[in-house]
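What follows is one structure encoded as structure tokens, with my remarks underneath.
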Amino acid sequence: SQTIHQWPATLVQPVGSPLSLECTVEGTSNPNLYWYRQAAGRGLQLLFYSVGIGQISSEVPQNLSASRPQDRQFILSSKKLLLSDSGFYLCAWGTGGASYEQYFGPGTRLTVT
Amino acid sequence: GENVEQHPSTLSVQEGDSAVIKCTYSDSASNYFPWYKQELGKRPQLIIDIRSNVGEKKDQRIAVTLNKTAKHFSLHITETQPEDSAVYFCAASILRGGGNKLTFGTGTQLKVEL
């Protein structure tokens, strides 16, 4: 069966510091991968998605970036964090094709101080 | 782009009653509508989904209905139980090659009271 991992689980970072969040998927190949952000008490906002290695689509212009160096690895980065970057970051995977379900990882709770 | 509105923002029901959450979407080309349940501090979990070629789908106590003409879809939970208490999110997307970009509603906090 498929499993999705995210780390770290929680992170407290000062404003202006860099960020690197990692997501990996097991048990499937060539998944579609997604990064979402959920602000406190709010809905989910799609940040980036990827349909293959090195293929990244950005949905919201901001100081974040994403990369997919391997088939089942998705990384979210920032060079300089802002207070507004605080939130719950969720990675999701989907198979595409005839099945379009998306399944979320456990998330990273980021607090920028 | 797509815009999804969700109502109500909070819903309180007695155990055993039914609960209904409604969503409207703006893009008539949207053809995939999932519902997620999120417990406090946890990840959203997919509970049911529907595609635009189907008007209704049921899974035990949960059902989803879709009205393409009116561009709205609803989640129905029957015989509610305390463990149904959570935040529920609807979403919509246009299924096509190159990823499934979900647009989410703002969520409904469901509380099932004993």
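Just the number: Rg to Rh for the protein assembly as shown, Cα atoms, Kirkwood Rh, two decimals.
0.97
Express the accessible area of chain B per residue in Å², computed with a 1.4 Å probe while the remaining protein chains stay in the model.
50
Can you pull the one-decimal nm distance between simple spin-label points at B:E15 and A:Q70, each 7 Å off the Cα toward Cβ?
4.7
If one computes the Cα centroid of segment A:1-44 and of segment B:62-86, what distance in Å separates the two points?
About 28 Å separates the Cα centre of segment A:1-44 from the one of segment B:62-86.
I need the Debye-formula profile for chain A: one equal scatterer per C-alpha, no solvent, reported as log10 I(q)/I(0) at q = 0.12, 0.22 1/Å, two decimals.
-0.38, -1.24
Based on the Cα atoms of chain B, what semi-axes does the equivalent ellipsoid have, where each is the square root of 5 times one gyration tensor eigenvalue, given in whole Å with the largest first?
Result for chain B: semi-axes of 24, 14, 12 Å.
Hey, got a sec? Which GluC sites (Glu not before Pro) in segment B:28-114 land in a DSSP loop and have at most 13 other Cβ atoms within 10 Å?
Loop-located and lightly packed - B:E39, B:E79.
Over chain B, what percent of the accessible surface lies on carbon and sulfur atoms, probe 1.4 Å?
On chain B, the fraction of accessible area on carbon and sulfur atoms equals 46 percent.
Quote the FRET efficiency, to the nearest 0.05, computed for A:S29 versus B:L46 with a Förster distance R0 of 25 Å and r equal to the Cβ-Cβ distance.
0.75
Buried by at least 20 Å² relative to the chain on its own: which residues of segment B:75-102 qualify, computing accessible area with a 1.4 Å probe on protein heavy atoms?
B:F89, B:L95, B:G98, B:G99, B:N100, B:K101, B:L102
Students often get this wrong: which residues of segment B:36-69 have the backbone nitrogen under 13 Å from the point 7 angstrom along Cα-to-C-beta of B:Q81?
B:60-62
Count, for each residue of B:44-51, the Cβ atoms from other chains sitting within 10 Å of its Cβ, then give me the mean as a whole number.
Going residue by residue through B:44-51 and averaging, the value is 3.
At a Förster radius of 22 Å, what calculated FRET efficiency corresponds to the Cβ-Cβ distance of B:A70 and A:R42, to the nearest 0.05?
Efficiency for this residue pair is about 0.25.
The values are calculated or read from the model by the stated rules, or taken from the named source; none is laboratory data. In this text, all values refer to a predicted model and were calculated from it rather than measured experimentally. Cβ: placed from backbone, ideal geometry, glycine included. Neighbour counts: every protein chain shown. Ligands, DNA and RNA are stripped out before the accessible areas are found, and what is left, the full protein with its side chains, is counted by its heavy atoms. Shrake-Rupley method; radii C 1.70, N 1.55, O 1.52, S 1.80 Å.
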